[in-house]
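One structure is given here, and the rest of the page talks about it.
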Amino acid sequence: MRYRAPRLLLPASLNPGGANQGSEGQSSSLLPKYEKKHFYIILGLRGASPLSALILSIFLHAITLTVLILLLTPSYKNLTHKFITVRIFSENIAQEQTSTNTLAFPSPGGGSGGNSNEFSRVVKAPDSPGLTRREDKGISPGGLVEGLSKFYYKEVPYRDIVEEALHAIKAKKRVERIARLRAEIRKTHNQETRIPPIETSTEAQRLEPVLEQRSTYEVIVENIIASNWSYPEVAKKGLSASVLVSVQKDGSIKIIEFKSSGDRLFDYSVKNALLKSSPLPRPPEAVEIEMRFSE
Amino acid sequence: MKIVQKICSLLFVFYSLGLWVAEVTVVILIPSESAGRIYIDLTSPAPRPLLMGLQVMADGIDAEGYVHQIKKVIQDDLVYTGLFSMIEERLFLEPAQSSFNPQNWSPLNADVVAKLSLQVLQGNVRAVLNLYDVNEGTQIFKKEYTGDINFLRTLAHVIARDIYKRFTDKDPPFEAKILYVGEHDGKSSIYIMDWDGARLRRLGIVAETIISPKWAGELRLLVYTTRERDGSWVLKTIDFNTMTQKRIFESKRLTMAGDWIDKNSILISYTESDNQDLYILDIEGTKLKKLIGGYAIEIDPVLSPDRRSLLFVSDRSGSPQVYMADISGYNIKRLTFQGGYNTSPRWSPDGSSFLYVGNVNGKNQIFIQKLDGSEPVQLTNTGNNEEPAFSPDGRFIAFASDRDGQWRIYIMRFDGSGQRPLTEGYGFSPIWIK
């Protein structure tokens, strides 16, 4: 006997199908409420069989995968052997820093005494994307590395691209050399600085293939802030504070969130470390840094 | 069968839909790798105190004579805490009278600048303190103080306290005083001085022997033990509110005052039968209640800051060691296990540790030990060092040392650093009073 699926949309009691009446009537008397509730929930599956359900799911999976592939890999779309796309970190990489100390920091309440909580105020930078990124649904093609948009859809002669790439690499090396020299100078003020050799990122990757690959900028920032952080020897130990900052394109530091250590002197030392380090070298792109200071 | 079939098909649909929904959800929730977040972990800050530029200026000729003194008191107070360091005046780029400009101070690596102006008029001093944060480039506060010129040192300690408190949110002991037993005309007498050793004064009390002074905090009562010519032991109290003295107990047998419990009861060690035991003395009724005793010697009872326990010395194990008990006298626990002669226990203000005196290679040294069972730490190692006493904020220890040939009052930081003498003449049994 050909199997006939139950009529999912209609309540069993109204099923006009005569052949199965008896058994459906039977089953409806056994589990009437269960059937009715679930039959109403599943819409648009009139006459669905297990097979059609499977086909539907495979179809949906295929659509999802296609959409995902399209969304996640836009950069390989225009790849042909005639033109190359070059990933450039920043159009401004050649410029020197000229900005003065521009740390945007929530200023402590003036007046005598001050509050004990003045360093733990949460400040949302006006254009900050917020602390969580759950709103982002993947990478939007337009918002990727900024310089990329220049080359994304245009066809540019091969020679110009290579020249541009060489120029960018030279400028990047220059910035790194400056940062390295600065770190050297700071080293003489601080006996406890640990400065790893600052090399180009590819070399660093070659030397540390197993460990996490930290970008050059990360290492530079860490060294600068570490060299500016001091705390009295006899002061309270075992403390820890966390800061979330956003570094603007000009290197200025904006505090987004400050989690106090519970000790005023320790918080003060952390705040001073940030003030002395601002402005940082210009980042490849506007970046957020989460820092943990612990003694 | 029909039921099973229905359920199976339901399950199929649920499964396929659910899987798809889960897939999409997972994809959405995978954190994106756009504009990256950098994580930085920093430990081991450079050990360096806050660098301060202190400028004191006289507003008028009358004030000029006091500039040096007030500056020295403030500097000594702040620097001795170990949290501050003073920039040398000859390095200053900005005159004291000029208004604060952070660019004059950041080349010196300064963190704090304090500008104090003094005015003296008809026996009164008026001081205006302006405090600045160099790294922020802003003013922190402005405060005005007035007082009698004879109390200039007190004023300086108050100013130093305000600066200290601003950066640490804690109370320093700058205004505290230290009382100790000294010598006068071959007999014992009681002295009081500032925490830095200045303004030494002698109380008009003289006795053959004065030992074990104990202070009752806010009550401003002092109890001490004396031995009179006939050999009897006498306990006396001084009420610092009225500056009157009272005789509260006497005995032919060895008696020594311990800590105050309240204005009417004192822990004492007393010899009833053949050795010293711990008692609570009721002052009003001159009654004794036995607390801890037995065949062994129990002395030197000190009450915990939360008033729930006490420390004392007992030789019940065969040698003098430090023990702890409830104020009820029960739950006796031995605390010291290193060394064969450990005495003189003293609580830390937060109740987490205690000081004691242990004999090492024939000399008495001061140790600190946490109550959590960790190892004791030796704080002194030159000469004999005894009678330690924590400052109210727990960051300093006053003690007596004979390292220079005679017993003197010394002070050091809680970690044993910064040891230096406070008295020139004989001194013993220092206690902190306010």
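The values are calculated or read from the model by the stated rules, or taken from the named source; none is laboratory data. All figures in this text were calculated on a predicted structure; none of them were measured in a lab. Here the Cβ positions follow ideal geometry from the backbone for every residue, glycine too, while neighbour counts run over all protein chains shown.
Computed values, structure above
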item: Residue list for the stretch B:123-149, filter: more than 14 Å from chain A (Cβ to nearest Cβ) and part of a strand (DSSP E or B); result: B:Asn124, B:Val125, B:Arg126, B:Ala127, B:Thr146, B:Gly147, B:Asp148
item: Residues that are more than 9 Å from chain B (Cβ to nearest Cβ), buried (at least 22 other Cβ atoms within 10 Å of the Cβ) and either free of Cβ contacts under 8 Å to residues at least 60 places away in the same chain or not in a strand (DSSP E or B) (or both), drawn from the stretch A:231-260; result: A:Ala241, A:Val243, A:Val245
item: Count of the stretch B:296-311 residues which are buried (at least 23 other Cβ atoms within 10 Å of the Cβ), under 21 Å from the mean Cα position of the chain (by Cα) and over 21 Å from B:Arg395 (Cα atoms); result: 3
item: Pick from the stretch B:337-353, criterion more than 11 Å from the chain's Cα centre (by Cα) and not in a loop (DSSP other than H, G, I, E, B), ranking: farthest from B:Asp315 (Cα to Cα); result: B:Ser353
item: Lone unmet requirement of (1) part of a helix (DSSP H, G or I); (2) buried (at least 18 other Cβ atoms within 10 Å of the Cβ) for B:Glu94; result: (1)
item: Residues satisfying the stated conditions in the stretch A:261-287, i.e. surrounded by fewer than 21 Cβ atoms within 10 Å (Cβ to Cβ) and touching a strand residue (DSSP E or B) at 6+ places or on another chain (Cβ under 6 Å); result: A:Val287
item: For A:Phe266: the one exception among (1) part of a strand (DSSP E or B); (2) more than 8 Å from chain B (Cβ to nearest Cβ); result: (1)
item: Test: B:Glu33 is acidic (Asp, Glu), surrounded by fewer than 15 Cβ atoms within 10 Å (Cβ to Cβ) and at pLDDT below 90; result: yes
item: B:Phe14 of a type in the set (Phe, Trp, Tyr) and either within 30 Å of B:Asp196 (Cβ to Cβ) or at pLDDT 80 or above (or both); result: no
item: Residue match in the stretch B:63-83 (condition: of a type in the set (Asp, Glu) and part of a loop (DSSP other than H, G, I, E, B)); result: no
item: Qualifying position, being part of a strand (DSSP E or B), at pLDDT below 95 and surrounded by 19 or more Cβ atoms within 10 Å (Cβ to Cβ), among B:Val120, B:Val113, B:Val56; result: B:Val120
item: Members of the stretch B:178-210 that are among the hydrophobic types (A, V, I, L, M, F, W, C) and part of a strand (DSSP E or B); result: B:Ile178, B:Leu179, B:Val181, B:Ile190, B:Ile192, B:Met193, B:Leu203, B:Ile205, B:Val206, B:Ala207, B:Ile210
item: Scan of the stretch B:141-171 for residues that are in contact with a Pro (Cβ under 8 Å, 6 or more places away or on another chain) and within 23 Å of B:Phe100 (Cβ to Cβ), ordered by number; result: B:Ala160, B:Arg161, B:Tyr164, B:Lys165
item: Close pairs from the stretch B:231-247: first among the small types (Gly, Ala, Ser), partner surrounded by 13 or more Cβ atoms within 10 Å (Cβ to Cβ), Cβ under 6 Å, at least 6 apart; result: B:Ser232/B:Glu250
item: The stretch B:289-315 residues that are without any contact (Cβ under 8 Å) to a residue 12 or more places away in the chain, paired with ones that are of a type outside the set (S, T, N, Q) (beta carbon under 9 Å, 6 or more apart); result: B:Lys289/B:Tyr279; B:Lys289/B:Ile280; B:Lys289/B:Leu281; B:Lys289/B:Asp282
item: Which listed residue, of B:Ala156, B:Ala160, B:Ala198, is at pLDDT 95 or above, surrounded by fewer than 16 Cβ atoms within 10 Å (Cβ to Cβ) and either under 20 Å from the mean Cα position of the chain (by Cα) or away from chain A (no Cβ under 14 Å) (or both); result: B:Ala198
item: Top-ranked residue in the stretch B:354-406 [being assigned to a loop (DSSP other than H, G, I, E, B) and basic (Lys, Arg); ranked as nearest to B:Phe174 (Cα to Cα)]; result: B:Arg395
item: Conditions (1) surrounded by fewer than 15 Cβ atoms within 10 Å (Cβ to Cβ); (2) at pLDDT below 95; (3) in contact with a Phe, Trp or Tyr (Cβ under 7 Å, 6 or more places away or on another chain): number failed by B:Arg227; result: (1)
